[in-house]
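Everything below concerns the one structure shown next.
The values are calculated or read from the model by the stated rules, or taken from the named source; none is laboratory data. Model, not experiment: these values are computed from the prediction. Cβ placement follows ideal geometry from the backbone for every residue including glycine, while neighbour counts extend to all protein chains displayed.
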Amino acid sequence: MSETNSNEGIRVRFAPSPTGYLHIGGARTALFNYLYARRHGGTFVLRVEDTDRERSTPEAVQAIFEGMRYLGLDWDEGPEKGGDYGPYFQSERDSIYDELVESLLAKGKAYPCFCTRERLDELRASQMEAKTRVGYDRLCRDLDPEEVKRRQEAGEPYVIRFKVEEGTVRIPDLIRGEVKFKNEEIDDFIIRRADGTCVYNLAVVGDDSGMKITHVIRGEDHLTNTAKQVLLFEALDLPVPKYAHIPLIFGPKRQKLSKRHGAVSVTEYDEKGYLPEAMLNFLARMGWSFDDKEEIFSHDDLIEKFSLESISKSGAMYDVKKLEHLGSHWMRLRPTEEVLEMVLPRLVARSYLTEEQAQQDRERLFHRVELEKERRSTLEEICDNIAFYFCAIEELEPKALKSLKKQEGIAELLSKFASKIESVFGESDLQARIKAVENALTAFLEEEDVSLKQLAPGIRAVLTGRPNTPPLFDLIALMDQAPCLQRLSSADQWLSES
Ligand code: GLU
């Protein structure tokens, strides 16, 4: 099956229901639609499916927009952008759906059903007991039109059901080939509720057709909906779009993805400070691959290389290790100046420093960030790992404590060293200060006749609380004088504590 038809402009859509946050699966669907549109010079539409009025909230709508903005998934038409095929909120399109229902009724392809909840519950219970197929028994399908009129006029509540005829639904799917469903497996499903509101499947058909959507790319959990939607398109004599059902995302042991496997809301990844390019790369690789070797894809690579045909049919795995790997890969590639810009508001939010201090101390902040960004996968990790420059050390990591204890007389030695480096803080130029630390340390080692190997672990431990730190000269030069000297002079507290 060919992906495109050169005679028509590609129009795809992302159609989230604003009933919660934008989750990983939704973000991936949005990305695949976005990539397909960009790859083919098409249009990417955002449509908010708020037919479930009770569960849809304005906060969830905002969360979706924020998630999309974080990932840079710019929509061409939709809320905030406008377009020729709006409105882009389903809640504002009732009249369009009503027309479709009326047209199906007029064609005899839909019918009013007066069955009560109690009747349907009893029916279901008896079918389950008899172990026969559970579904609507079509009691109201062939009611006499006079009776229908009488009951409607008497104010009896009713829904509208779609009449599923005999046959087979064929779904043109670009990932799985043609998918077939026997019509007998599909109930005469409801298209309009008793309160007059239309259901999702009818609304989607009205919207996909009204918005001239050419390709519907969404999770394979929608396949049974697709079968119903294709029946509706056909009954309404509307062109059926092409479909691409993408595999679901599983946890590491092929179980359903849940909160346990890490944050599933996109906003949480933003809060943790994964760079958008890392997230895009990660999302794209869940289900899509270019070849078996390549793992790293930039935004532009993805646009150039993306195709629906190379999406796998089997499930996609959520692998947090891969995310961390991609996180640090893309962090390394970001210029430090940009990482600093993103880190600063986080440091201010943590009350490590004020905005004013941040502006005055940029050079040191730049170097502090630069030395960390090489080995961290998120902005929050960078913040955590430079926290020691701003905050007192609460405890030493066990390895750091162990190495401190190992060296005899270390507390005294570190105190002495503190007095020797006091003067380096007078040096305002950072490079000169780093050099001055080096000179002071070399002289100190000679004077005391100890090796760097004996002294360095202790310095690292008391200054940062950790066994691994930035290079020693930089580390000292990048610290404020008072905490640096104070921490070097009070190694005792750690040794006596344990
Ligand atoms: N609103 C549906 C959902 O959030 C998506 C429907 C569709 O893509 O057609 O699952």
**Complete:** Reported set for the stretch 375-399 where residues are under 14 Å from T336 (Cα atoms), out of contact with any Leu (no Cβ under 9 Å at 6 or more places or on another chain) and of a type in the set (A, V, I, L, M) is I382
**Message:** Between V343, V348, which is assigned to a helix (DSSP H, G or I), free of Cβ contacts under 8 Å to residues at least 24 places away in the same chain and hydrophobic (A, V, I, L, M, F, W, C)?
**Reply:** V348
**Request:** State all residues of the stretch 61-107 that are in a strand (DSSP E or B) and surrounded by fewer than 19 Cβ atoms within 10 Å (Cβ to Cβ); if no residue qualifies, say none.
**Result:** G82, F89
**Prompt:** Quick check: anything in the stretch 281-288 in a helix (DSSP H, G or I), within 16 Å of the ligand (Cβ to nearest atom), modelled with pLDDT of 95 or more and over 20 Å from A37 (Cβ atoms)?
**Reply:** no
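One line per residue, one yes/no per condition, for (1) more than 28 Å from the chain's Cα centre (by Cα); (2) outside any strand (DSSP E or B); (3) closer than 12 Å to V230 by Cα:
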site: E147; (1), (2), (3): yes, yes, no
site: P157; (1), (2), (3): yes, yes, no
site: V164; (1), (2), (3): yes, yes, yes
site: I175; (1), (2), (3): no, yes, no
site: V179; (1), (2), (3): yes, no, yes
site: I191; (1), (2), (3): yes, no, no
**Fill in**
The condition of being closer than 30 Å to Y34 by Cα, of a type in the set (D, E) and modelled with pLDDT of 95 or more holds, among D98, D121, D76, only for D76
**Asked** Taking the stated definitions as given, is A106 modelled with pLDDT of 95 or more, within 14 Å of the ligand (Cβ to nearest atom) and of a type in the set (G, A, S)?
**Response** no
**Item:** Some residue of the stretch 176-199 being within 13 Å of the ligand (Cβ to nearest atom) and surrounded by fewer than 19 Cβ atoms within 10 Å (Cβ to Cβ)
**Value:** no
**Request:** Confirm whether G206 is at pLDDT below 95 and more than 10 Å from the ligand (Cβ to nearest atom).
**Result:** no
**Asked** Restricting attention to the stretch 223-234, does a residue exist that is within 11 Å of the ligand (Cβ to nearest atom) and assigned to a strand (DSSP E or B)?
**Response** no
